[in-house]
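Only the coordinates and a few stated rules stand behind these numbers; no lab work does. What you see is a predicted model, and the numbers here were worked out from it, not measured in a lab. Every residue, glycine among them, receives a Cβ derived from its backbone with ideal geometry; neighbour counts consider all protein chains shown.
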Amino acid sequence: MREQTQCAGKRGVASFARALRLLYILIQSLPMVPFHNPIEEELRKELSAYDDLTSALLSRRGVKNAREAEEFLNPVYEEHTHDPMQIRDMQKSAERLSRAINEHEHIAVWSDYDADGIPGAVVLHDFLKKVGANFTNYIPHRHLEGYGVNKTGIEKLAKKGVTLVITVDSGITDVEPIKYARELGMDVIVTDHHEPGEILPDAYSVVDPKRADETYPFRDLCGASLAWKLVVATLKQGFKGREKISTGWEKWLLDMVGIATVADMVPLVGENRVLAKYGIIVLRKSPRKGLNALCRTMRVTKRTLTEDDIGFMIAPRINAASRMGDPFDAFRLFATSDTDEAETLSKKLESANRRRKTAVATTTRAVNARLAERGEREDLPGVIAMGDPEWQPALLGLVASSVVEEYGRPVFLWGREATGIIKGSCRSEGTTDVFALMSATANTFTHCGGHSAAGGFAVLSDEIFFLEERLNMAYEKLSKDKSKELPLLADAELSLEDATLGLLSRLEQLAPFGEGNKKPAWLLRKIEVEKVSWFGKNKEHLKIFLIKKTGTVEAIAFFAKHELRERAKKLQPSTHITLLVHIERNTFLYKNTLRLRILRLM
């Protein structure tokens, strides 16, 4: 009897152990997606004018009271933008520009060649043309001159009789070229938003909210915004031609400011949120011939343009001009008043963008192949750094972004310019400050710049072989606390039936979305799959058709990366899946439908 009891006891223990194992397996199989903390009761009362969802989303964006909620949801241009004269050196800059216009001096606008510098150049072009100023736009060639102000370009401008140079989105670290400009008799007004070096350039004036002595209420404006602020400040001065500009005309320039603010990925909070929101409103109404032509070429509707269209459609085509050819093509597209020229330039940018995609894909495959040769993903160092003299430096920022998504590490990639200089780009995985990394490895670089999320650099030829080793040494010294990395959080759980255009319209009150104002993320559980398809030239994009009572909904992921790609390949029709998604409006090919953007597949 005792033996039977003992056996029964053993069987009971074994059964309990099996049950625990099954429970453990079940728990492990459940989607481990953390949710945001619920809104605090006191704040919920403060935001009682809004529904539960809106109040919760506002609280997660740092809104602390009803006044801030109203300002966030309904920003007012006149109330929520700041006087440009509060920016250090702005008064001095506006007075100097006014004097140059009055005396018909030859003015040069020196801008960067990216989707911040080009729109900023157009802002000053439109203003100076409107008032009848004597001016030239100068954009350095990405491959032959590189980023920033350089002595060769300064000499060219001096020979043309330029006496005033205004930089846009560049200049803050170009101490020697700006000193050279002054030696040649030119005044330089620097407008830039990048981090200054140890010393400011010896310019006539330096407008940069990142200056250590800056007191302006908002310090995260992009380069085009500062160019626009200079226009607004100058309009307050008296000068010849001022009468040609009607009250409020400067607001029409916000289309360019909106493009740059979204494209340059500055935080979409505070004044940036106001400029981006009004910029998109103006963009939808803009009479620019080039913008109209570009929208037709991209097959999108101008009146419904969003921040996604800027980030994924417009900005890549602006950047493709300098990466694959001449940056002036993008500048002229937005500056032209000629319909035929606009059509020609829009098609030229479209062609450049296609060539850019092909070149980036080729280089990305080469990087991934080299990394695969180095072993398992977990064996790779904390910072990935590699290069090839054949790689085009102009494309490496895009390639680095793709590699970061795949491997979840900071990535530094380099190539060789036509001039023989070794140059590259770096991107952060989200928690590492790559500018701080470069600063801690200063002896390796001849030049480096950027911000915490992205940057560019040039490397000494005899130091290139030690780049990865030294970056990883700096990485260890900086002791980045990975525990501070924020997980991907769900705002709420949602049924597929509740994912409607009506819900999307409510969410769009919080737009434009971007840095500092991420799109809400939704958890969808046990959704039935109708079919899975892959599209794109190399079948790199994923589309899953999900079944709901009234039909199907598309869930997509562009450039589906490692984990997502492998999971998706195993899906079969009638499979039930759990997804973390964004809800978005699909207006491509003139549609107006709802679709889901896949963040995680579980």
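The Cβ shell under 12 Å around A276 holds other residues with a net charge of -4, Lys and Arg each +1, Asp and Glu each -1.
List, in the order given, every pair from K229/K302; K179/K302; K531/K591; K236/K519; K423/K477 whose Cα-Cα distance in the structure shown is over 32 Å. Violating the 32 Å Cα-Cα cut-off are K179/K302; K236/K519.
Within segment 371-445, none of the chymotrypsin sites (Phe, Trp or Tyr not before Pro) combine a DSSP coil assignment with at most 10 other C-beta atoms in a 10 angstrom radius. Calculated [222 nm] ellipticity per residue, helices only, for the chain: -12500 deg cm²/dmol; basis is -39500 (n - 2.57) per DSSP H run with n ≥ 4, divided by all residues, nearest 500.
What separates the Cα centres of segment 526-586 and segment 286-327 is a distance of 27 Å. Sorting 540-550, 579-589, 363-373, 240-250 by average packing, meaning the other beta carbons within 10 Å per residue, from highest down gives 579-589, 540-550, 363-373, 240-250. When peptides 464-472, 317-325, 163-171 are ranked by their average number of other Cβ atoms within 10 Å per residue, the highest-first order is 163-171, 317-325, 464-472. Inter-label distance, K45 to N592: 4.2 nm, where each label sits 7 Å from its Cα along the C-beta direction.
As a rough guide to protection, the peptides 297-306, 265-274, 511-520 ranked by mean Cβ packing within 10 Å, highest first, stand as 265-274, 511-520, 297-306. Couplings 3J(HN,Hα) for segment 402-417, derived from phi with the Karplus relation 6.51 cos²θ - 1.76 cosθ + 1.60 (θ = phi - 60°), are 5, 5, 4, 4, 6, 10, x, 9, x, 10, 10, 10, 9, x, 10, 6 Hz, where x marks Gly and Pro. Annotation: amide H of V149 within the under-5 Å range of G171, sequence separation 5 or more or interchain, hydrogens built in the peptide plane. Once the Cβ-Cβ distance of K539 and E563 is raised to the sixth power relative to R0 = 22 Å, the FRET efficiency obtained is 0.80.
Please state the shape class of the chain: rounded when a/c is under 1.5, otherwise prolate if a/b exceeds b/c and oblate if not, all from the C-alpha gyration tensor. Prolate is the answer for the chain, as a/c is 1.5 or above and a/b outweighs b/c.
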